[in-house]
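Structure record follows, encoded as structure tokens.
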Amino acid sequence: MNEPALFPAPPLTEQERMVEAILFASAAPVTVAELNARMPHGCDAAAALKLLERRYAGRGVRLVQVGAAWAMRTAPDLGHLMRRETVETRRLGRAAIETLAIVAYHQPVTRAGIEQIRGVSTGRGTLDQLLELGWIRLGPRRDTPGRPVTFVTTDGFLDHFGLSSPRDLPGLRDLRAAGLLDQPPSEEPSKVQDGLFDGDAMP
Amino acid sequence: MNEPALFPAPPLTEQERMVEAILFASAAPVTVAELNARMPHGCDAAAALKLLERRYAGRGVRLVQVGAAWAMRTAPDLGHLMRRETVETRRLGRAAIETLAIVAYHQPVTRAGIEQIRGVSTGRGTLDQLLELGWIRLGPRRDTPGRPVTFVTTDGFLDHFGLSSPRDLPGLRDLRAAGLLDQPPSEEPSKVQDGLFDGDAMP
Amino acid sequence: MGAQGRMTPIAEADASERLAAEALIVDVDGWEGPLDLLLTLARSQKVDLRQISVLALARQYLDFVETARGLRIELAADYLVMAAWLAYLKSRLLLPPDPKEDGPSGDALAAQLALQLRRLEVMREAAARLMARDRLGRDVFPRGVPQPLERVRRVRRTATLLELLQAYARLRTKDEFRPLVMDREAMMSMEEALDRLRPMTRFAGTWTDLSAYLPQGWIGDPARRRSAMASHFAASLELAKAGAISIRQTAVFGPVEIRRRGDE
């Protein structure tokens, strides 16, 4: 490099190695002119680039042109490898599990129906979470004003909870027998429709 | 990636591309375990690494092993082309360089052991400097009175000096065979009378 | 390791040797302790450290200290400690061994010193070799634009059947603990009112005050009554729009009455 004119340019394969190393280590894309300036005198960076581009075709790393400059980049189809997913398992929150229970026992049930049973308004996030988990899905629209959507459980729900059908869910009588319910139930859940829990009978 | 068991692992050539992309994108060495964790289920990063290492042999960029990890680095013979990428490292003083060599060849070694070899007390700054550079770290405590801490080299040290393992230190085997790396007996504080500089050996 | 550079070949004249010794002394602050100085002196013997004459070395060192004293140069204490020790070693090496004296012999002490010097020299050479290696950031380079690994934390929720059943049981037995929430007990939805009203209005052949349709539990407490009234009114409008009922109010603020459609 000090006495450029005295030595012939290195062979093209050697020039290819040089371009490879420079592009790899460079923080920014490098122009052909800059490559030529950094390589020994007499080198042909453009020709070396062509060789290198061919060598990396289809590899996990590619040669890309950025304006007038060149850079090495990971292949776009492997971008997912640059992400590291850590999956954390956490218990479902209280709102979500209650909502899920209501959907399971009262399906198809509207959001208003859920809110009425829980006695609190249901955040959009709660239903979204259950939808995302694939445990509930949209059921048929209720034939009432506004035609509200209903929610029903999915096969994924049955699968996760080890049930073969929603009818396998234990009834209130079973829950009481299992010590999960202290008070005698007012009605069997299998018969209930919306509005079940307001204690007033019709006038 | 969500249902890993449902899909067969990609072909080895594809795994090779993946390892290539991951190592290429990372400045720090990546362990085989980390590679396997980032690649689809069923991949064999070690086998893919072997293929890749062969592919890059003699190229401008090489695959190097650093401890349990792998990294891509430019070929050393092309270092002169990368002058503008050179990171100015703080020039290490003679004390620091000697201390580093002693830690490397005698590890795990206590501060007293280092001082015994160098014949002078080690300034606090010397070890601090090496710790800060990430080239040495605390090793296990020595099981002698006072349970002094020991120092060992890091993977960062290996990476910086292009070593795959501390066993690759040049001349290590010969020095050990010549008995020049044995722990000096006087290192133990209980046997001070052996110490060259202890007053009690004086007439 | 400029030490070697300062040493002159032994073959040269006395004058140059003295010059070298003086150079050593002037540079005394540059020595990394007495062992470093000893090593430098040992190198002037131009032999492998394994064959070094420790006796000659002790003499060289003591001469050095003597010269330094003559030049009124203050030496650090450890240099003087080493000088005293070497004087002792010299006497042990020169005099026949004293049978009454225990501890290592003079030869053993000399061998230990030689080993220690060699150990230091070997580490110096190793250090030099280490620093001359192809080093990262100087001869070998990592990727110039590393792509940081994107860390994505995904939370997967899970629940057991027992939790599901417990949740349902909790809802059905409201005596259990519930976190503080805004209750909507005093609220009746329009949907609910509509469900009530629709079947009942089929039999509403005559104009009937809407408030008569309010359910039992909703007429005592004013808040509950207000909500029930509002939802029933809204429901009646819905039913009127659907053509199921007619609706009328005969006076401002008068009672709202409804009846089945087609009974006009």
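Between A:Ser165 and C:Ala186, what FRET efficiency comes out of the Förster formula 1/(1 + (r/R0)^6) with R0 = 35 Å and r the beta carbon distance, rounded to 0.05?
0.40
Restricting things to Cα coordinates, could you compute the convex hull volume per residue of the range B:111-153 in Å³?
74 Å³
Which whole number gives the average count of other chain Cβ atoms within 10 Å of the Cβ atoms across peptide C:110-122?
What the average comes to for C:110-122 is 4.
Assume the label is 7 Å from Cα along Cα to beta carbon: what separations in nm does B:Arg83 have to the matching positions in the other copies?
Those separations, rounded to one decimal, come out as 4.4 nm.
Please compute the volume of the convex hull spanned by the alpha-carbon atoms of the range C:31-123 and report it per residue in Å³.
104 Å³
Taking beta carbons within 10 Å but only from partner chains, what does the mean come to for residues B:52-65?
Partner Cβ neighbours, averaged per residue: 3.
Taking only the Cα atoms of the range B:42-148, how large is their convex hull per residue, in Å³?
It is 169 Å³ per residue.
Give me, ordered by chain and number, the residues 5 or more places off B:Thr31 or on other chains with an amide H under 5 Å from its own placed amide H.
Residues meeting the amide H criterion: B:Trp70.
How large is log10 of I(q)/I(0) for the range B:12-85 at q = 0.20, 0.21, 0.23 Å⁻¹ when the intensity is taken from the Debye formula with one equal scatterer per alpha-carbon?
Here log10 of I(q) over I(0) equals -0.80, -0.87, -1.01.
Could you sort the peptides C:201-208, B:133-140, C:231-238 by per-residue average Cβ neighbour count (10 Å cutoff), highest mean leading?
Most protected by this proxy first, the peptides run C:231-238, B:133-140, C:201-208.
What is the Rg over Rh value, at two decimals, for the range B:94-177, using alpha-carbon atoms and the Kirkwood definition of Rh?
Result: Rg/Rh = 0.95.
Taking a ≥ b ≥ c as the square roots of the Cα gyration tensor eigenvalues, with a/c under 1.5 meaning rounded and otherwise prolate when a/b beats b/c, else oblate, which class fits the range C:80-132?
Prolate, since a/c reaches 1.5 and a/b exceeds b/c.
Sorted from shortest, what are the nm distances separating the label point of B:Arg173 from equivalent points in the other copies, each placed 7 Å from Cα along Cα to C-beta?
Its label point is 8.3 nm from the equivalent points in the other copies.
Hey, what did the range B:7-50 get for relative contact order, percent, Cα under 8 Å, at least 6 apart?
This gives 55 percent for the range B:7-50.
Between the range C:115-130 and the range A:5-81, how many Å separate their Cα centres?
Their Cα centres are 42 Å away from one another.
Which distances in nm, rounded to one decimal and ordered from shortest, link the label point of A:Ala33 to the equivalent label points in the other identical copies, with labels set 7 Å from Cα toward Cβ?
Reported distances to equivalent positions: 5.1 nm.
Work out the mean other chain Cβ neighbour count within 10 Å for the residues of B:155-162 and drop it here as an integer.
Mean shielding by partner chains, rounded to a whole number: 4.
Taken together, the values in this text are just the output of simple stated rules run on the coordinates, not laboratory data. Not measured: the values here are computed from a predicted model. Every residue, glycine as well, gets a Cβ built from its backbone with ideal geometry; the counts of neighbours run over all protein chains shown.
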